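The structure under discussion appears below in the form of structure tokens.
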């Protein structure tokens, strides 16, 4: 598309386009919402050892690479939930459940 003077719009960064596309096609569920923001909320290190896998009745289950991580994140749960609340507002999960993969 060109503007009124015949110029093309400025190009967009591919990362921005992918983010917009991902937001458009993601299912509108609590699970999908948490999965979309998880890496940003918990950071790279924790994101590398966790995966948001399930949601039931407002409780989001996060699978951890080990029982030690599950226990550590259980203690960090209130802080993580608070950060999710900042990002998702009233769409944040009621609680988080951490379990070891296995």
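Data overview
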quantity: Stretchable slack from residue 56 to residue 87, in nm (0.36 nm times residue separation minus alpha-carbon distance); calculated: 9.2 nm
quantity: Taking 29, 61 and counting other C-beta atoms within 10 Å, the order from fewest to most; calculated: 29, 61
quantity: Order of 14, 80, 46 under a 10 Å beta carbon neighbour criterion, fewest first; calculated: 14, 46, 80
quantity: Separation of the residue 10 and residue 65 label points, Cα + 7 Å toward Cβ, nm; calculated: 3.9
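Throughout, read-outs are computed from the coordinates displayed, never taken from laboratory work. If you're wondering where the values come from, they're calculated on a predicted model, not measured in any experiment. Note that we place each Cβ from the backbone using ideal geometry, even for glycine, and neighbour counts take in every protein chain shown.
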